[in-house]
Amino acid sequence: MLLEVKDLHVRAGDEPILKGVNLEVNAGEVHAIMGPNGSGKSTLAKVLAGHPAYEVTSGSLHFEGDDLSELDTDERARAGLFLAFQYPVEIPGVSNAQFMRQAYNERRKAQGKDELDPLQFDDHIRERMKIVDMDPKFLDRSVNVDFSGGEKKRNEILQMAVLEPTLAVLDETDSGLDIDALRTVAGGINSLSGEDNAVVLVTHYQRILDYVKPDYVHVMTDGQIVKSGDKQLAIDLEEHGYDWVTEEQGAA
Amino acid sequence: MSLAEKKQETMARHPFIAQFIDHSNSRDADGLPQWWSESRTDALQRLVTLDVPGPKDEEWKFLNLKSLYNATYLSEGAAATEADEAFVKERSIPEAKAATLVFSNGRFKPAASNVDGLGEGVRVTSWSELREAGDLDAVRDHVGIADFWEDDLFYNLNGANFEDGAVILVPRETVVEVPIHLLYVSDGSGERFAAHPRNVIVAGENAEVTVIEEYATSVDGEYFHNVVDEISLGANAEVRHVKVQRDSKEAQHVARNIITLESNSNYEATAVNLGAAFSRNDSYARFDGSSIECTLDGLVYIGGTQVSDTHTAIDHALPDSTSYQLQKVIVDDRAHSIFNGKIFVREDAQRIDSNQLNQNLLLSRRARVNTKPQLEIFADDVVCSHGATVGQLQDDQLFYLMTRGMDEERARSLLTYAFAAEVLEDIEVDSLRTRLEGLLMEQTTRN
């Protein structure tokens, strides 16, 4: 099993946000976690990456059998866990190429492989940029600075393509994308998912699931996964809205 | 009152000043041209009336200079050493191979220097060499041309004491293709000394030159560099000036840079201050024409108990000129940085475009910054922007880098480097820029 989340409780400050989340993800699977705003789905994504603003109060997180509570954010990343940000961070003064090469080499080192020098890496990344249809001019620009919303999201998927994570958690990567950008980004995700890795898509809308077909769909409300199913669940949600699940819960 | 009596009085008021009056009086005046003797006497006359500046003076606020003022110094002539050959080699800049002036403890070292084939009429030499050759009149018209620091103690200490320094004279219509490297090497192993370099850089009409002025220490120790640079640009001239101050962290470094600019000239300066226990770097740019471009960029990166103070004044007297200023400051440990950037736009100076930004990065809770951008505008048709920021490394940036596999130390180092690198980007001498970037990377990693 790649990821095992058991009865996870998390709070930010004094406020409980996750109230007993259970989730299992195996290699080769694509999971979608859907839910209304404030349901805790983005918090789950950040907690997986070890965001310092959140405190795990009970329950457990395991990645490939390792207890994640013992790993810092950077150790999780080097172990093969990747988070695509909902709001990618701008880093003035660090070129995109330099940033990605450092990230790539950190992962290579952790895998016991040779690091690439700037020239070797340039060849490698230009190849990867084709996956998300990005112009090489973005290599010389500062990370995410003066990128449009869509360019920032492509840049996140480019990082996924470069780092080749075992588990990619994509936090609302579809939000703010026009249909062409959505297709490109989804195409990128599809070409990167395979038998040895897994993808967890956190999303508000069903739209991206027309392009990235999930094996499992989970619905999250008020800090818990309240319903799981196959991709038909996403279609039902699109039709009936999140209230339908909430009401169904209330009735049960 | 006679000069001797005044000196007695100064001695009682402040031995720091009195000892430099003594140094001056013991200097060899043989064969000194009259104009030089007179300027030395002028400086001495002013010195006996001056007191050491301190926290009560607006321009010296925040500073405690006891360790500078309470020390005694040998005159640089008494602290003469040969430049460490291996060290000079290590610091040499390949692009400037044909134009390097080496100074050791403030004295010019012809054997370690090399000036070769710079083009007709170009003079790259030193005061001591000109004096030996009886050719001092070549520099006469370019010295003491701005009176901005007439009442400044350090300017007058230099005026009363300077005997050496670089003289760079580029005649009109002449482009010096290679950068000129001034390398001031200090060996602090002996008794504490004071040196007063006077560097003169003159670019005639349509001339172009790049000067790298570097202060470095081969052996750490206490010494005092008290520098005056006089830089003149003729019409349409272009001067790029990179100053790298890496004096010993036990040393004191004070510098006054006077820049006078004629119409259509372009002066581009980058001052990198990394060394010295205390450094004070002041620049005054006077616009004597119109359509001038002037850039005064700076990078300060200090830690430990270092103190660094930068004061600049850009004086727009006439219309249609532009000035840029980007001052980036990184302060670690218990270090303290001060910045005051004055921009004057006089009544006749219409259509001025002036940008100033001072950004400060605090790396520790005990680091300290004082900043004061200061615009004084008397014209009505101008575009001026100025700003100052003081901040720490951003948590969201650190987290982002860490989610990409960099440990916290690496992430901090990369962000610190990125903050500073912008200032170095514009340095056109490749090997120097690369070296400074490497130095910066090393320093960010060490912290």
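The values are calculated or read from the model by the stated rules, or taken from the named source; none is laboratory data. Everything numeric in this text was worked out from a predicted model, so none of it was measured. No Cβ is skipped: glycine too gets one built from the backbone with ideal geometry, and neighbour counts run over all protein chains shown.
Listed here are the residues, each with its yes/no results for (1) touching a residue at least 60 places away in the same chain (Cβ under 8 Å); (2) of a type in the set (G, A, S); (3) loosely packed, with under 13 Cβ neighbours inside 10 Å; (4) not assigned by TED's automatic domain parsing to the domain that holds B:E214.
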position	(1), (2), (3), (4)
B:S37	no, yes, yes, no
B:T41	no, no, no, no
B:L44	yes, no, no, no
B:V52	yes, no, no, no
B:K61	yes, no, no, no
B:Y69	no, no, no, no
B:A83	yes, yes, no, no
B:R91	yes, no, no, no
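Could you list, in sequence order, all residues of region A:88-133 that are of a type in the set (K, R) and assigned to a helix (DSSP H, G or I)?
A:R101, A:R107, A:R108, A:K109, A:R126, A:R128, A:K130, listed by residue number.
Condition first: closer than 18 Å to B:S308 by Cα and not hydrophobic (A, V, I, L, M, F, W, C). Can you find one or more residues in region B:398-409 that meet it?
No, the conditions are met nowhere in region B:398-409.
Inside region B:320-339, can you point out the residues that are buried (at least 20 other Cβ atoms within 10 Å of the Cβ) and under 18 Å from B:S385 (Cα atoms)?
Those that are buried (at least 20 other Cβ atoms within 10 Å of the Cβ) and under 18 Å from B:S385 (Cα atoms): B:S321, B:S323, B:Q325, B:Q327, B:K328, B:F339.
Test B:V239 against the criterion of being within 19 Å of B:L182 (Cβ to Cβ) and among the aliphatic types (A, V, I, L, M), and give yes or no.
yes
If only one of A:R128, A:R107, A:R154 is within 14 Å of another protein chain (Cβ to nearest Cβ), out of contact with any strand residue (DSSP E or B) (no Cβ under 8 Å at 6 or more places or on another chain), of a type outside the set (A, V, I, L, M) and in contact (Cβ under 8 Å) with a residue 12 or more places away in the chain, which one is it?
Step by step, each of A:R128, A:R107, A:R154 is checked, and only A:R107 is within 14 Å of another protein chain (Cβ to nearest Cβ), out of contact with any strand residue (DSSP E or B) (no Cβ under 8 Å at 6 or more places or on another chain), of a type outside the set (A, V, I, L, M) and in contact (Cβ under 8 Å) with a residue 12 or more places away in the chain.
Mind checking which residues of region A:86-104 are within 19 Å of the chain's Cα centre (by Cα) and facing chain B (nearest Cβ under 7 Å)?
A:V89, A:A103
Determine, yes or no, whether B:A237 is surrounded by 20 or more Cβ atoms within 10 Å (Cβ to Cβ), small (G, A, S) and farther than 22 Å from B:G204 by Cβ.
no
Return the pairs, sorted by first residue and then second, in which the second residue is among the acidic types (D, E) and at pLDDT 95 or above, the first residue lies in region B:130-148 and is in a loop (DSSP other than H, G, I, E, B), the beta carbons are less than 8 Å apart, and the residues are 6+ apart or on different chains.
Matching pairs, first to second residue: B:H142/B:E230; B:V143/B:E230; B:G144/B:E230; B:I145/B:E230; B:A146/B:E230.
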